[in-house]
Amino acid sequence: MNHLQAALDIIAQVGGAENIEHIEHCSTRLRLSLYDNGKVNEAALAKIDGVLGVRINVQCQVIIGHEVVQVYEAVRSLVGSPQSHSQTSTAKVSRGAQIVDFVISVFQPLVPAIAGGGVLKSLLLLLDVLGWLSRESSTYKVLDNIGSAPLYFLPILVAITTATKLKVNVLVAVSAVAVMVLPAMTKQLAEGAEFMSFDLRNVAYASQVFPAILCVLFYAQTEKLFNRYSPGALRIFLSPMLSLLVTVPVTLLILGPLGYELGAGLATVILWLYGKLGFVATGLLAAALPFMVAAGMHKPMLPYAVASMSQFGREMLYLPASLAHNIAESGACLAIALKSKDKVLKSTAFSAGISALFGITEPALYGVTLLNKKALYSVILGSVVGGAFIGWMAIEAFALVGPGLASISMFVSPDNPLNIVWAFAGAGLSFAVAFLSALLLWRDKAPEMDSQLTFTRPVEGQIVPLENVNDDVFSRKIMGDGVAIIPSQGVLRAPADGTVVNVFESGHALSLLTDAGVELIFHIGIDTITLQGKGFQPQVKEGQHVKCGDTLIEFSLDTITAAGLDPVVMMVVTNGERFSLTPGSNDEKNPHPHIIMTLKESV
């Protein structure tokens, strides 16, 4: 995969660098916050080499797979700092979608640090259980502190991601939040503290998320206020000082305790639901995860998972359910790789199955599962059975990372040695059920005869590949696939029965919707818009129904060539998601003018 070329293509198809507000990535997706999602060419974006799929809600999510970091770095190197662009979004976004975007932007960047520390701690527990490294040793304690640091200083990390999302001074925001985890402040709160006669509640802010978010949200407002009214010569220190003086006391008095209760309440509610539904909840969530991951809606589960980790040091619903789903994806894909005789599908399913086995499911979802109902049914069955078993055994996760074979130590419990054993058993059950189900259900698709739509030649002349046209928009097939014709006569005719959708004012281009549903655009010449209509005589109007062979536009080849312009005529299929185009004869003297190309409708 050419990461630089992929980055260039992605930037072009999302509306250019000037349309990018913010760039981030998760384990498989490039996440772009755009000023205007309407500028995205979703169809062209999905066709870029290396792109597995595209999802657009608030963010434009480009699914890359395991090479997402390299593509992210390439995009960053080309775009620079997107935050430096100053323009206002023209897209209308619902409040709910904005909240989801905020949650993802704040919590998603936290995962690598929390996951790294959590997995390290789980590996240490495993070493202790095996008797290879005692938890009483100094080496163990040093390594344990390394693993504990990301979770302990979670408020600081959250301050960074929140301030970055809100585009406020990150260092001042971190300074405000740091007061809550300052050892002297923690000691003072424990001993009983007050501020201007108001009692400060004793809250252990280490490892908390929501107090920091509320603090930075409030700080953003104070920064805006004091930047506006502080004298320019004093603003560099006056605005931060006043912001801290206002933000920190309000946080300690009100926002901090409120955020603490919010985090505790969220975790308690989820656990209450789990207590009511028991293993059914885990099984149902595991079954729903294929659709949630495909839509990107599994990310809003992160606040709960982070809150549960910080509140209880463990999580027993989302991550255990994810283990069942991830391994079920692997089982189904590997079974298809074993049984299918389609070499391309076999290779895709095998690599996707290995990725899913290690916790990365997007290649499996977009390359195999969601494209084949029987594969999806197998994954759901494996997820439900394995998830229910995992829920029944009350398996708990102790690290916030995508569950898979490489991270299975996240289920090592300091109190229950069998927790990891049951995790292996649940994963094995999910794999076996999905594997056997896919093995029984899978049948390679028989070759299907596609319906063929025959078009006549729209212009007399020699057919050439669209890639040979001296215009990047057409040659790179940004608008769609098609053919080009070097015209020998100045008459553009309808290649099939259809309705004229649009006639360009300059007369050099026209769009047609055929009765078979094919959307076509005809473009006469390159840069002929500069002629401002000279030499072009449209013979039809918008909304007019035409028959095959009817004249659409008459044009003067002499006028075009005299202006030094290329007269090549392009015919492009714009609804390429339904049709693929195969050119016919390129012989200018083809005695059979009715067969020039075949459109095969996709199934």
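The values are calculated or read from the model by the stated rules, or taken from the named source; none is laboratory data. The model shown is predicted, which means the values in this text are computed figures rather than measured ones. Cβ: placed from backbone, ideal geometry, glycine included. Neighbour counts: every protein chain shown. Areas reflect the complete protein model, heavy atoms only, side chains present, ligands, DNA and RNA absent. Shrake-Rupley method; radii C 1.70, N 1.55, O 1.52, S 1.80 Å.
The table below gives the values:
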{"read-out": "Computed label-point distance, nm, for sites Leu245 and Ala432 using a 7 Å Cα→Cβ extension", "value": "6.9"}
{"read-out": "Pairs of Lys in segment 253-402 closer than 25 Å at Cα, counting only those 8 or more apart or on different chains", "value": "10"}
{"read-out": "Calculated from backbone phi, Karplus (6.51, -1.76, 1.60) coupling profile of segment 417-430 in Hz, x at Gly/Pro", "value": "x, 7, 4, 5, 5, 5, 5, 4, 5, x, 5, x, 5, 4"}
{"read-out": "Rounded to whole Hz, the Karplus (6.51, -1.76, 1.60) HN-Hα couplings of segment 385-392, x for glycine and proline", "value": "5, x, x, 5, 5, 4, x, 4"}
{"read-out": "Whole-Å distance, taken between Cα centres, linking segment 362-403 and segment 204-277", "value": "37"}
{"read-out": "Segment 272-392, Cα convex hull volume normalised per residue, Å³", "value": "89"}
{"read-out": "14 Å Cα-Cα reach of Lys165 towards aspartates and glutamates, excluding residues that sit fewer than 8 places from it in its own chain", "value": "Glu21, Glu24, Asp101"}
{"read-out": "Crossing angle, helix 3-13 versus the chain [Cα axis fit, 0-90 degrees, rounded to tens]", "value": "70"}
{"read-out": "Two-site label geometry, Glu261 and Lys224: point separation in nm, points 7 Å out along Cα→Cβ", "value": "2.6"}
{"read-out": "Cα long-axis angle, helix 138-152 against the chain (0 to 90 degrees, to the nearest 10)", "value": "60"}
{"read-out": "Folded to 0 to 90 degrees: helix 318-339 orientation relative to the chain principal axis, Cα", "value": "40"}
{"read-out": "Protection proxy ranking, peptides 124-137, 312-325, 187-200, average beta carbon neighbours within 10 Å, highest first", "value": "312-325, 124-137, 187-200"}
{"read-out": "Global size of the chain as Cα Rg and Dmax, reported in angstrom", "value": "30.0, 98"}
{"read-out": "Per residue solvent-accessible surface (Å²) - segment 388-505, probe of 1.4 Å", "value": "47"}
{"read-out": "Ordering of 564-573, 391-400, 375-384 by packing [mean C-beta count within 10 Å, highest first]", "value": "375-384, 391-400, 564-573"}
{"read-out": "Accessible area of the chain belonging to carbon and sulfur atoms, whole % at 1.4 Å probe", "value": "61"}
{"read-out": "Shape of segment 350-393, Cα gyration tensor, a/c cut at 1.5", "value": "oblate"}
{"read-out": "3J(HN,Hα) from dihedral phi, segment 105-122, Karplus parametrisation 6.51/-1.76/1.60, rounded to Hz, x for glycine, proline", "value": "5, 7, 8, 4, x, 6, 4, x, 5, 5, 5, x, x, x, 5, 4, 5, 5"}
{"read-out": "Per-residue [θ]222 nm for the chain (sum of -39500 (n - 2.57) over DSSP H runs n ≥ 4, rounded to 500)", "value": "-15500 deg cm²/dmol"}
{"read-out": "Ordering of 283-292, 148-157 by burial proxy (mean other Cβ atoms within 10 Å per residue, highest first)", "value": "283-292, 148-157"}
